[in-house]
1. For a label point 7 angstrom out from the Cα of residue 169 toward its Cβ, which stretches of the stretch 222-246 have the backbone nitrogen within less than 16 Å?
2. Given H placed 1.01 Å from N in the peptide plane, which residues other than close sequence neighbours of residue 236 have an amide H under 5 Å from its amide H?
3. Largest first and in whole Å, give the semi-axes of the stretch 142-275's equivalent ellipsoid, each being the square root of 5 times a Cα gyration tensor eigenvalue.
4. Calculated FRET efficiency, residue 121 and residue 276, Cβ-Cβ r, R0 22 Å, to nearest 0.05?
5. How much space per residue, in cubic angstrom, does the convex hull of the C-alpha atoms of the stretch 109-213 take up?
6. Could you compute the net charge surrounding residue 171? Neighbours are other residues with a C-beta less than 13 Å from the C-beta of residue 171; K and R count +1, D and E count -1.
7. If the limit is 27 Å between Cα atoms, which of 203/273; 32/118; 203/259; 51/203; 114/159; 32/273 go over it?
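We did not get these values from a lab; they are worked out from the coordinates using the rules stated. A quick note: this is a predicted structure, and the numbers were derived from the prediction, not measured. Glycine gets a Cβ as well: all are built from the backbone with ideal geometry, and neighbour counts include every protein chain shown.
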Amino acid sequence: MVSKWQAAVASALIFSALAAPVAEAASYTVQKGDTLTKIAREHEITVQQLKQWNNLETDAIFINQKLLVANEEVKVNKEEKIAFSEKTAAYIVQKGDTLAAIAQKNNMTVVQLKELNKLQSDVIYINQQLQVNKVLPTKNIEEQVISVAPKENGQAIYKQVIGLAHELIGTPYVFAGNTVEGFDCSGFVKYVYSNAGLDILRKSSLDYYLQDTTTVEQPMPGDVVFFKNTYIANISHMGIYIGNDQFIHAGTNGVEISKVTHSYWTERFVAYKRFNGID
C-alpha cells in the first residue's frame with residue numbers, strides 16, 4: 001500500500017522532472033513487475049542511490065511512478081562541434097536511448113563511451129551528438145586463441161581459484177557486491193581471482209570480456225565462461241569453469257554450480273576465456 005506521503009513525493013518528483021531541464025534519459029516510469037533492484041540494475045546504479053535520489057524510505061513503488069535514475073545534469077553547448085577521428089563515428093541520441101544501450105550497439109562499455117565524450121554523468125539528451133567506436137574493439141582480441149594449458153604458476157592459481165569458489169557456494173547475490181556479504185557475477189570472479197593470487201581490477205563482465213581475457217580453444221577448470229542476453233542484450237554474465245560442463249557463478253539465487261549444457265545457458269553461451277595475467 002502506497003502512503004499519501006509517498007504519492008506526494010512521487011508527484012513532486014514528476015513535477016520537478018517536468019519543470020526542470022532534466023534529460024529524458026534521467027527519468028524512468030515504473031512498469032508492471034518492476035522492483036527497485038531491477039530498475040537499479042538496468043540503469044547501472046545501486047538501490048541505495050535510487051532511493052536517495054527519489055527520497056524513498058521503503059522499497060515500495062507503484063506503476064507509472066516517475067523515478068530519477070541520474071542525480072545530475074550535464075549542460076551541453078549545442079553550438080560545440082565535436083572532432084571525430086578515423087576510429088570514431090558520430091551517433092545522434094534518440095528518444096529512449098541510454099548510455100548502456102548506445103554502448104552495447106557500438107560494442108563499447110559505458111566507461112569507454114563516457115571517457116570518449118568526456119561525460120561526467122549518465123545524463124544524455126535527444127539529438128545530442130556522441131562519439132562512438134567505428135571499429136569493433138574486439139577484433140584483435142578475438143583473432144587470438146590460446147591452445148595451451150597454463151604453466152606451473154597459472155595452474156597453482158587455478159587450484160586456489162577452484163577451492164575458494166567452492167567455499168563460497170551459498171553466498172547471497174547482491175547487486176554490485178564483491179565481498180563475502182554478497183556478490184554479483186563479476187564481483188564474485190574478482191574476489192576469487194584476487195584472493196587466489198591474480199590481482200585484477202573490479203570491472204563488469206563486459207569489460208572483462210573485452211579488455212582482460214583471451215579465448216581458449218579447450219577450457220580448463222579455472223578459466224572463465226561468458227554469457228549474453230541474461231538481462232541486457234550483450235555480454236552480461238560470467239562464471240568460473242570447473243570442468244565437466246559445469247561452472248560456479250553468482251546468480252540470482254546466490255553463488256551456485258550450474259551446467260553450461262542447460263538450455264538456458266546454452267542459448268546464451270558466448271565463449272570460454274582466460275585472464276591475460278595467467279601464464
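1. Once the point is set 7 Å along Cα→Cβ of residue 169, 222, 240-246 turn out to lie under 16 Å by backbone N, inside the stretch 222-246.
2. 227, 228, 229, 230
3. Numbers: eigenvalues 76, 64, 40 Å².
Over the Cα atoms of the stretch 142-275, the ellipsoid semi-axes are 19, 18, 14 Å.
4. On the way: r = 31 Å, r/R0 = 1.41.
Rounded to the nearest 0.05, the efficiency is 0.10.
5. On the way: hull volume 14.0 nm³, N = 105.
Residue-normalised Cα hull volume stands at 134 Å³.
6. On the way: positive: none; negative: 167, 181, 184, 256.
Result for the local shell: -4.
7. Pairs exceeding 27 Å: 32/118; 114/159; 32/273.
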